[in-house]
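Engineer: The structure is given below, and queries will be raised subsequently.
Values quoted throughout were computed directly from the atomic coordinates according to the rules given, and no laboratory measurement underlies them. Computed from a predicted structure; not experimentally measured. With ideal geometry, Cβ positions are generated from the backbone for all residues, glycine too; neighbour counts draw on all protein chains shown.
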Amino acid sequence: MWDLVARDRWVIFAAFSALIVAAVSEISIPHFLTASIFSAQSADLAVFHRNVRLLVLLCVASGICSGIRGCFFGIANMILVKRMRETLYSSLLLQDISFFDNETVGDLTSRLGADCQQVSRVIGNDLNLIMRNVLQGGGSLIYLLILSWPLGLSTLVVCSILAAVMLRYGRYQKKAARLIQEVTASANDVAQETFSLIRTVRVYGTEEEEHGRYKWWLEKLADISLRQSAAYGVWNFSFNILYHSTQVIAVLFGGMSILAGHITVEKLTKFILYSEWLIYSTWWVGDNISNLMQSVGASEKVFHLMDLLPSSQFIERGRVKLQRLTGCIEFLNVSFHYPSRPMASVVQHVNFVVHPGEVVAIVGLSGSGKSTLVNLLLRLYEPTNGQILIDDIPLKDLDIMWWRERIGFVGQEPKLFRMDISSNIRYGCTQDVKQKDIEWAAKQAYAHNFISALPNGYETLVDDDLLSGGQKQRIAIARALLRDPKILILDEATSALDAESEHNVKGVLRSVRSDSATRSVIVIAHRLSTIQAADRIVVMDGGEIVEMGSHRELLLKDGLYARLTRKQADAMA
């Protein structure tokens with residue numbers, strides 16, 4: 001945690017310096033307050049005026065330094081939260097895609113939001129108050145021992161018992177805080193999933209079921225909070241018993257000491273004031289250690305995520321950047337299984353070549369491994385066996401950022417960012433792009449007309465309810481074409497388009513903006529009419545290639561492709 005604020009250590013230094021001055025000033029106030037009262041009683045005017053002046057000076061110093069302390073600890077808190085979120089967000093962005101397969105969006109956003117804010121209390125609140133009360137409590141104890149060491153030791157025994165209760169309570173709060181963070185994240189997951197699928201929920205009338213799921217987590221959260229409240233009650237009870245015990249001891253033994261002539265009334269008054277200060281300092285230390293433990297409990301998952309190593313793609317990063325990319329893609333005996341399911345191969349022993357400028361379609365039943373091949377080509381995952389060659393160079397040896405800059409990808413359900421349409425089309429393009437370039441790409445994707453008809457045209461803010469699925473796909477196609485990629489990958493990219501738009505878009509898929517050779521295209525489609533003109537069609541079943549050839553050749557083979565074609569033709573009849 002210190003690394004996050006080390007660059008601004010002067011802020012911490014200023015905060016702790018002000019804290020020390022404020023604590024010393026405050027702990028001196030009871031002494032001069034009592035001295036002022038008893039000097040007035042004894043009619044010693046000179047001593048009275050001196051004590052009052054010192055009292056005023058201490059009060060002013062305490063007020064000024066407390067303000068400075070609060071200001072600088074607040075700045076340190078802001079710095080900590082900002083850098084913690086930046087570091088955590090950066091760490092998450094560099095994780096493998098498989099990491100996101102096992103984590104939920106709600107959990108990660110909860111760590112970035114509430115958990116980081118909870119951890120920020122450590123410097124901004126907990127350590128601040130703990131240090132202040134430790135200084136004041138320590139000063140009070142020393143003063144008590146100087147006034148009367150027997151009475152001071154009796155007060156110290158009470159505070160030791162209070163400290164033991166405090167530590168046990170703090171450990172419980174740490175455990176409870178960790179549970180609360182986990183349950184809260186799970187509740188957020190349910191809410192986020194429900195709201196993102198609200199149309200499905202509404203259509204199927206499952207509002208009560210979703211409410212029940214969310215309520216179950218809330219009840220679990222309430223149960224933990226109830227136990228927290230009970231523990232707090234025990235802690236509060238213990239404090240009050242011990243606090244009043246200190247008062248009784250001070251009055252009983254102090255009164256006997258006055259009767260015996262061992263101490264004066266003024267000293268006993270000071271003793272009672274400082275013993276209360278000590279016990280309350282112990283209380284505040286305990287209360288803030290409890291909060292600190294809650295922050296530590298919340299921080300465990302946050303710091304675990306921050307300490308995760310980046311994806312091997314960014315650590316063992318390939319350095320090769322080809323002078324000229326022709327677009328030759330070769331799958332050599334490629335197999336893949338997900339890390340969580342090592343016994344279930346998704347694709348196995350895949351071998352085929354996409355020659356420069358060639359359009360290759362990949363078809364097959366759902367779950368046959370088509371999209372997995374695309375994910376491997378995009379290096380979202382790494383093959384477990386075999387390798388992929390790009391212009392005879394292993395894909396893993398290529399600079400990952402260089403490679404992705406030269407690929408255009410359009411998925412079945414393209415996700416658009418909540419920004420204007422121009423920014424969505426420009427997204428990820430490293431070239432110097434002007435508005436006319438954006439409009440060119442939109443025209444190529446047959447998106448220009450509907451974009452121009454929107455109230456703000458290309459400056460229209462993208463919203464889920466504003467655009468249809470087909471319109472989103474056309475914007476995504478425009479985004480891919482704007483990059484002028486040497487390799488274009490279309491994963492069901494025309495599934496949501498109407499027949500006319502699909503026909504028009506297919507006409508430009510092989511066109512190139514510049515005068516260079518035609519780009520290589522990989523197309524995945526369930527609608528077989530989309531890929532009949534492909535140079536070659538790869539047919540997959542059960543993660544393996546079962547057929548390969550042109551549309552005509554595959555029909556003559558009368559295999560899986562021919563059967564799928566007949567089924568679709570019958571469905572259209």
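Engineer: If I fit a long axis through the Cα atoms of helix 435-444 and take the longest principal axis of the Cα atoms of the chain, what angle between them do I get, 0 to 90°, rounded to 10?
Structural biologist: Between the helix axis and the principal axis of the chain, the angle is about 50 degrees.
Engineer: Would you please give the FRET efficiency between LEU57 and PHE237, computed as 1/(1 + (r/R0)^6) with r the Cβ-Cβ distance and R0 = 56 Å, to the nearest 0.05?
Structural biologist: Approximately 0.90, to the nearest 0.05.
Engineer: Taking only the alpha-carbon positions of the stretch 68-136 and ignoring solvent, what does the Debye formula give for the base-10 log of I(q)/I(0) at q = 0.29 Å⁻¹?
Structural biologist: -1.22
Engineer: State, to one decimal in nm, how far the label point of ARG202 lies from the label point of SER17, with both points 7 Å from Cα in the Cβ direction.
Structural biologist: Distance between label points: 6.0 nm.
Engineer: If you line up the long axis of helix 499-508 against the longest principal axis of the chain, both from Cα atoms, how many degrees apart are they, to the nearest 10?
Structural biologist: 90
Engineer: Once you list every other residue whose beta carbon is under 13 Å from the beta carbon of ARG202, what net charge do they have if Lys and Arg are +1 and Asp and Glu are -1?
Structural biologist: So the environment of ARG202 carries a net charge of -3.
Engineer: If we count every other residue with Cβ under 12 angstrom of LEU555's Cβ, Lys/Arg +1 and Asp/Glu -1, where does the sum land?
Structural biologist: The answer is +1.
Engineer: Tell me the mean residue ellipticity at 222 nm calculated for the chain from its helices only (DSSP H runs of n ≥ 4, each -39500 (n - 2.57), averaged over every residue, nearest 500).
Structural biologist: The helix-only estimate for the chain comes to -21000 deg cm²/dmol at 222 nm.
Engineer: Which values of log₁₀ I(q)/I(0), to two decimal places, follow from the Debye formula for the stretch 208-261 at q = 0.17, 0.22, 0.24, 0.26 Å⁻¹ with a uniform point scatterer at every Cα?
Structural biologist: With no solvent term, the Cα-only Debye profile gives -0.69, -0.82, -0.87, -0.92.
Engineer: Relative to the compact globular guide of 2.2 N^0.38 Å, what is the alpha carbon radius of gyration of the stretch 2-306, as a ratio?
Structural biologist: 1.32
Engineer: Could you pull out which residues in the stretch 232-264 have an amide N less than 17 Å from a spot 7 Å beyond the Cα of TRP149, following the Cα-Cβ vector?
Structural biologist: 262-263
Engineer: Then there is this: What does the C-alpha gyration tensor say about the overall shape of the stretch 183-341? Classify as rounded when a/c is under 1.5, otherwise prolate if a/b is larger than b/c, or oblate.
Structural biologist: In terms of gyration-tensor shape, oblate.
Engineer: Still on this structure, I have one more. Mind checking the angle between helix 265-306 and the chain's longest principal axis? C-alpha axes, 0 to 90 degrees, to the nearest 10.
Structural biologist: Once rounded, the angle reads 10 degrees.
Engineer: Ok, one more. Can you give the Rg and Dmax of the chain based on its C-alpha atoms, in angstrom?
Structural biologist: Radius of gyration, then largest Cα-Cα span, for the chain: 35.6, 120 Å.
Engineer: Using a ≥ b ≥ c from the Cα gyration tensor of the stretch 10-164 (square roots of the eigenvalues), is it rounded, prolate or oblate, where a/c under 1.5 gives rounded and otherwise the larger of a/b and b/c decides, a/b for prolate?
Structural biologist: Prolate, because a/c is 1.5 or more and a/b exceeds b/c.
Engineer: Please order CYS65, CYS429 by the number of other Cβ within 10 Å, starting at the fewest.
Structural biologist: CYS429, CYS65
Engineer: Another question, if that's okay. What length, rounded to one decimal in nm, is gained on full extension from LEU93 through to SER529, with 0.36 nm per residue of separation minus their alpha-carbon distance?
Structural biologist: The span from LEU93 to SER529 would gain 153.1 nm if fully extended.
Engineer: Could you pull out the pairs from LYS301/LYS486; LYS220/LYS472; LYS396/LYS567; LYS82/LYS436; LYS321/LYS436; LYS321/LYS434 whose alpha carbons sit more than 31 Å apart here?
Structural biologist: Over 31 Å apart, Cα to Cα: LYS301/LYS486; LYS220/LYS472; LYS396/LYS567; LYS82/LYS436.
Engineer: Using the 10 angstrom Cβ neighbour count as an exposure proxy, how do SER452, SER366, SER275 rank, fewest first?
Structural biologist: Ascending number of Cβ neighbours within 10 Å: SER366, SER452, SER275.
Engineer: What residues of the stretch 531-572 lie in the reach of a label at LEU322, counting those whose backbone N is under 14 Å from a point 7 Å from the Cα along Cα→Cβ?
Structural biologist: No residue passes the distance filter.
Engineer: Can you tell me the FRET efficiency between ASP307 and LYS220 if r is taken as the Cβ-Cβ distance and R0 is 25 Å, rounded to the nearest 0.05?
Structural biologist: 0.30
Engineer: How big is the Cα convex hull of the stretch 310-455 in projection, averaged over all directions, in nm²?
Structural biologist: Mean projected area for the stretch 310-455: 11.4 nm², to one decimal.
Engineer: Sort THR565, THR372, THR200 so that the residue with the fewest other Cβ atoms within 10 Å of its own Cβ comes first and the one with the most comes last.
Structural biologist: The most exposed by this proxy come first: THR200, THR565, THR372.
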